[in-house]
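> Can you read through this structure? Questions will come right after.
The values are calculated or read from the model by the stated rules, or taken from the named source; none is laboratory data. The structure presented is a predicted model; accordingly, all values stated were derived computationally and were not measured. Methodologically, a virtual Cβ is constructed for each residue, glycine included, from the backbone with ideal geometry; neighbour enumeration extends over all protein chains shown.
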Amino acid sequence: MTKAILINYEYCTGCHSCEVACKKELGLPKGEFGIKLTETGPWEREGKDGPERWEWTWLPVLTKACDLCASRTQAGKMPMCVQHCQAWCMYYGEAEELAKKMDGGSRWALYAK
């Protein structure tokens with residue numbers, strides 16, 4: 001079975017806790033990341049909220065340094081980024097099971113290694 005991390009971008013608040021927890025766990029030097037939080041926006045959003053509604057989107061992206069916290073997950077623990085997510089918008093588990101959570105109503109990304 002393939003393990004994966006599922007992220008619901010709709011609810012990410014951009015707190016960077018996943019990034020900090022990962023850097024500490026992997027012992028990465030300045031400028032290197034296992035998960036990197038990027039920001040898109042702001043842009044003006046048209047729609048039911050009117051033309052003065054602005055939107056920012058935070059995108060946690062796994063990098064090549066990410067090993068899904070192999071030593072932690074082998075011990076039955078969650079990856080550090082998932083454990084420390086303040087918005088509870090990250091999930092860890094079997095890729096097939098996580099894919100079932102993707103309802104099409106939110107912005108999701110599934111990362112498998």
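> Taking only pairs six or more apart or across chains, which ones have beta-carbon atoms under 8 Å, a first residue in the stretch 67-85 that is without any contact (Cβ under 8 Å) to a residue 40 or more places away in the chain and part of a loop (DSSP other than H, G, I, E, B), and a second residue that is among the polar types (S, T, N, Q) and surrounded by fewer than 18 Cβ atoms within 10 Å (Cβ to Cβ)?
Listed pairs, sorted by first residue: Lys77/Gln83.
> Could I ask something else about it? Would you pick out the residues in the stretch 65-93 that are within 13 Å of Lys3 (Cβ to Cβ) and among the hydrophobic types (A, V, I, L, M, F, W, C)?
Within the stretch 65-93, Cys66, Leu68, Cys69, Ala70, Met78, Val82 meet the criteria.
> Here's another thing I want to ask about it. What are the residues in the stretch 1-60 that are over 24 Å from Gln74 (Cβ atoms), without any contact (Cβ under 8 Å) to a residue 40 or more places away in the chain and outside any strand (DSSP E or B), if any?
Those that are over 24 Å from Gln74 (Cβ atoms), without any contact (Cβ under 8 Å) to a residue 40 or more places away in the chain and outside any strand (DSSP E or B): His16, Pro29, Lys30, Gly31, Glu46, Gly47, Lys48, Asp49, Gly50, Pro51, Glu52.
> Being at pLDDT below 95 and under 14 Å from Leu62 (Cβ atoms) is the filter here; which residues of the stretch 3-34 pass it?
Tyr9, Cys12
> While we're looking at this one, here's another question. Return yes when Leu110 is under 14 Å from the mean Cα position of the chain (by Cα), under 11 Å from Asn8 (Cβ atoms) and assigned to a helix (DSSP H, G or I) and no when it is not.
Values: under 14 Å from the mean Cα position of the chain (by Cα): yes; under 11 Å from Asn8 (Cβ atoms): yes; assigned to a helix (DSSP H, G or I): no.
No, not satisfied.
> Sticking with this one: Of the residues Lys36, Lys77, only one is crowded, with 17+ Cβ neighbours inside 10 Å and basic (Lys, Arg); which?
The conditions single out Lys36.
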